[in-house]
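**Q** Here it is, the structure in full.
The values are calculated or read from the model by the stated rules, or taken from the named source; none is laboratory data. The model shown is predicted, which means the values in this text are computed figures rather than measured ones. So basically every Cβ, Gly included, is an ideal-geometry build from the backbone, and we count neighbours across all protein chains shown.
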Amino acid sequence: MTLTFRARIDGRQIRCEIGTDHALAAPVFCFSLMAAPAVAAGGTLVRRVAGYAEVALPDLAAGSVHEVVLEHADPRYHPRNRAWLPLGPYLRVGRQCLPLPPGTDLGLRDGDGPPATPLAPDRLPLVPQPTEWTSSGEMLAFSALAPVAALEGVDQLALRLGLVPLLAAGATALAVSEDATLGPEGYRLLIAPEGLSVAIGGAAGLHNAGITLLTLRETTGGKLPCGTLTDSPRFGWRGQHLDCARHFFGIDFILRLLDLMALMKMNRFHWHLSDDESFRLEVETQPLLWKRTAFRGEGELVPGVFGGGIRAGGSYSRADVERVLARARALHIEVLPEIEVPAHSHGMVKALPGLRDPGDNGEEASVQGYIDNIVNPAMPATWEVLQPLTEEVAARFPFGMLHLGADEAPHGAWDGSPAVAALKAREGLVSSDDVQGWMLARLAGRLVAKGIRVAAWEEAAKGVQGGIGNAALLFSWTGQGPGVEAARRGHDVVMCPAQNAYFDLAHTDDPDDWGASWAGFVPLEKTVAWDPVPKGAEDIAPRIVGVQACFWGEFTTEDDQAEGMIAPRILGIATKGWEPAGRTDGAAIRALAGTYGPILDRIGWKWNRGA
Ligand code: ACM
């Protein structure tokens, strides 16, 4: 049997053409959109779970092509580009599931891109740029360093990337000395015609100097410019987040991402392990949680939301986590695991009994369109599950910090729950924010008592009793304002404003592009067009501990689709995390992207050449 499928954007609508060379009786068209779908013509909506829908079609005759016209149920959404077309499409006919080919080509298209502009003469072909660089005008031919044990991590990185080793017997010697004034990650590298020497503030400083030498060797073709390079980061937190709940990224992709981060001197990996669609970590305290939600699709607890199709998913074993941790350790990267509560928990609520109030008659919907994606803090089972679960997850990761989520609770959450009504009366709470803040403060307090630091998205600061408290690290994502406010209330903050740092947003408004758009479009230039300490927030500058890029996986169906979304924009976020304010502007980062292009090509990482 041959089935064909094509989808295209037509104004606010999506036109789908399903062709078959066999007669099909009462087929059901299953697929997912970025947000809850509606049907304008060609079928009848029979089931919807968030962006996933099942549409009953009329009988299809052999040789026919049938048109289904889709819209988004919420008129605030309309299709912007190919990522908004149906993902994971298939037909259910009786008990059989028949995959449909993708209705469009998936992922970013390669483009030639604008011609690379030359680097300004005062710049090194290096991201991030060093804090200070004084050129002597000479040159050193460099291919490798004589072995330095502490640089084996960088040497292994070079080998994995398919580059010439950094360390080789009899090669250029590197004299190492210590200078605590440089700070734990800082270093001062002298490149002279006679050879190399480095002063370091700590082990991470030597690692960073090694990354600089490896990079300059690649970007200069082995002809290092001579001079003095004094370097240390503006921020201690230079992060990359990866949503492995919506799309199950293989461990090999995660390891490659850590390698790419290390090349940019980024040092925090935020591993988003749970969301509405799945719980990915093979935990011992709640085996049913991951066993029941690791895969989604036909016959699973969670249907094929966000491109799940007939079946997609996976879970991370203890051995998988150990591989990620070993790689991170070798690259001076810390790993922050995230377990999402109380919202973004549709899969958790479905998999485990007792996390919802059976008397809750509320129909509040999440932004993604779920009507049951929040655990209930008035249920004893919620605490019986969450306390051991969060403790186990935190204990698996040596960083000693756990991210608890806390974003995007549906408006009016728990309003229909008699148990929460009683909780509110008892604890002096009024709004959903108050209830979430109370719950997070309680959960965080128990973790802090065990020596675990907690982190959460910006919403965790809300609530009449001050929200999560407990010296939580908060992530400001809807913009920078919530981060500034949280910092004024005593929280340390990581800035990851979607408008500049969300790599799942499309680069441009081109309908042929690929990505989300709720916070606008993020061309490379926008990743540097901001200051993590915005104007007027100088008073809380010490509370802003860093920056982070985020990649959400709603429309990712294959690991490599993320590559061109992450690169070259990761150059901009690495720059923001390291360099003093205002050092690199849009034109300069564009020129540096041109310089890094050949390296990305050499290491086999796809990058968006066009936008
Ligand atoms: C988020 O993007 N919902 C943190």
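**Q** Where in the stretch 494-609 are there helices (runs of 4 or more DSSP H), lying wholly inside it, with at least 1 residues that are under 15 Å from the mean Cα position of the chain (by Cα), at pLDDT 95 or above and more than 21 Å from Leu258 (Cα to Cα)?
**A** Because the criterion is at least 1 residues that are under 15 Å from the mean Cα position of the chain (by Cα), at pLDDT 95 or above and more than 21 Å from Leu258 (Cα to Cα), the helices (runs of 4 or more DSSP H) in the stretch 494-609 that meet it are 498-501.
**Q** Could you say whether any residue in the stretch 376-396 is hydrophobic (A, V, I, L, M, F, W, C), at pLDDT 95 or above, within 16 Å of the ligand (Cβ to nearest atom) and farther than 30 Å from His332 by Cβ?
**A** No.
**Q** For the stretch 495-512, enumerate the residues that are charged (D, E, K, R) and either in contact with a helix residue (DSSP H, G or I) (Cβ under 9 Å, 6 or more places away or on another chain) or crowded, with 24+ Cβ neighbours inside 10 Å (or both).
**A** Listed by number, the residues that qualify are Asp504, Asp512.
**Q** Looking at (1) without any contact (Cβ under 8 Å) to a residue 40 or more places away in the chain; (2) within 16 Å of the ligand (Cβ to nearest atom); (3) of a type in the set (Val, Ile, Thr), which is the only condition Ile371 fails?
**A** For Ile371, the exception is condition (2).
**Q** Further, regarding this structure: Against the conditions (1) touching a residue at least 60 places away in the same chain (Cβ under 8 Å); (2) in a strand (DSSP E or B); (3) charged (D, E, K, R), where does Glu71 fall short? Just the number, please.
**A** (1)
**Q** Anything in the stretch 481-519 that is more than 14 Å from the ligand (Cβ to nearest atom), farther than 17 Å from Arg109 by Cα and not hydrophobic (A, V, I, L, M, F, W, C)? List them, or say none.
**A** If the condition is that a residue be more than 14 Å from the ligand (Cβ to nearest atom), farther than 17 Å from Arg109 by Cα and not hydrophobic (A, V, I, L, M, F, W, C), then Gly481, Glu485, Arg488, Arg489, Gly490, His491, Asp492 are the ones that fit.
**Q** Testing Glu408 on (1) within 16 Å of the ligand (Cβ to nearest atom); (2) modelled with pLDDT of 95 or more; (3) over 28 Å from Ala449 (Cβ atoms); (4) surrounded by fewer than 24 Cβ atoms within 10 Å (Cβ to Cβ), one condition comes back false. Which one is that?
**A** If we test Glu408 against (1) within 16 Å of the ligand (Cβ to nearest atom); (2) modelled with pLDDT of 95 or more; (3) over 28 Å from Ala449 (Cβ atoms); (4) surrounded by fewer than 24 Cβ atoms within 10 Å (Cβ to Cβ), just (3) comes out false.
**Q** On to the next question. Go through Ala456, Ala444 for me and flag whichever is within 21 Å of the chain's Cα centre (by Cα), modelled with pLDDT of 95 or more and not polar (S, T, N, Q).
**A** Selected residue: Ala456, the only one of Ala456, Ala444 that is within 21 Å of the chain's Cα centre (by Cα), modelled with pLDDT of 95 or more and not polar (S, T, N, Q).
**Q** Return the residues of the stretch 411-441 that are within 16 Å of the ligand (Cβ to nearest atom) and at pLDDT below 95; say none if nothing qualifies.
**A** His411
**Q** How many residues does the stretch 259-275 contain that are within 17 Å of Glu338 (Cα to Cα), more than 11 Å from the chain's Cα centre (by Cα) and not in a strand (DSSP E or B)?
**A** 1
**Q** From Thr181, Thr172, Thr131, grab the single residue that is farther than 25 Å from Glu579 by Cα and either touching a Cys at 6+ places or on another chain (Cβ under 7 Å) or surrounded by fewer than 21 Cβ atoms within 10 Å (Cβ to Cβ) (or both).
**A** After ruling out the rest, the residue left standing is Thr172.
**Q** Further question on the same structure: Report, by residue number, each residue of the stretch 74-99 that is basic (Lys, Arg) and in contact (Cβ under 8 Å) with a residue 40 or more places away in the chain.
**A** Arg80, Arg82, Arg92
**Q** Another one. How about the stretch 527-549: which of its residues are among the hydrophobic types (A, V, I, L, M, F, W, C) and free of Cβ contacts under 8 Å to residues at least 40 places away in the same chain?
**A** Ala541
**Q** Continuing with this model, one more query. Tell me yes or no: at least one residue of the stretch 465-478 is over 21 Å from the mean Cα position of the chain (by Cα) and either in a helix (DSSP H, G or I) or within 14 Å of the ligand (Cβ to nearest atom) (or both).
**A** There is no residue in the stretch 465-478 that is over 21 Å from the mean Cα position of the chain (by Cα) and either in a helix (DSSP H, G or I) or within 14 Å of the ligand (Cβ to nearest atom) (or both).
**Q** Please list, ordered by first then second residue, the pairs with beta carbon atoms under 8 Å, 6 or more apart or interchain, first in the stretch 567-589 and in contact (Cβ under 8 Å) with a residue 40 or more places away in the chain, second basic (Lys, Arg) and in a helix (DSSP H, G or I).
**A** Correct list of pairs: Gly572/Lys526; Gly586/Lys526.
**Q** Now a separate question. Out of the stretch 292-331, which residues are small (Gly, Ala, Ser) and in a loop (DSSP other than H, G, I, E, B)?
**A** Within the stretch 292-331, Ala294, Gly299, Gly304, Gly307, Gly308, Gly309, Gly314, Ser315, Ser317 qualify.
**Q** Then there's this: Among the residues of the stretch 379-390, is any touching a Pro at 6+ places or on another chain (Cβ under 7 Å) and assigned to a loop (DSSP other than H, G, I, E, B)?
**A** No; the residues of the stretch 379-390 include none that is touching a Pro at 6+ places or on another chain (Cβ under 7 Å) and assigned to a loop (DSSP other than H, G, I, E, B).
**Q** Pairs under 9 Å by beta carbon, first residue under 24 Å from Val484 (Cα atoms) in the stretch 447-463, partner charged (D, E, K, R) and assigned to a loop (DSSP other than H, G, I, E, B), six or more apart or different chains?
**A** Listed pairs, sorted by first residue: Ala456/Asp407; Trp457/Asp407; Trp457/Glu408; Glu458/Asp407; Glu459/Asp407; Glu459/Glu408; Ala460/Asp407; Ala461/Arg489.
**Q** Here is a follow-up. Kindly indicate whether any position in the stretch 245-253 is under 25 Å from Pro598 (Cα atoms), at pLDDT 95 or above, out of contact with any strand residue (DSSP E or B) (no Cβ under 8 Å at 6 or more places or on another chain) and not in a loop (DSSP other than H, G, I, E, B).
**A** Looking through the stretch 245-253, at least one residue is under 25 Å from Pro598 (Cα atoms), at pLDDT 95 or above, out of contact with any strand residue (DSSP E or B) (no Cβ under 8 Å at 6 or more places or on another chain) and not in a loop (DSSP other than H, G, I, E, B).
**Q** Go through the stretch 197-223 and count every residue that is more than 34 Å from the chain's Cα centre (by Cα) and surrounded by 21 or more Cβ atoms within 10 Å (Cβ to Cβ).
**A** Count: 2.
**Q** Determine whether His344 is surrounded by fewer than 18 Cβ atoms within 10 Å (Cβ to Cβ), within 16 Å of the ligand (Cβ to nearest atom) and part of a loop (DSSP other than H, G, I, E, B).
**A** no
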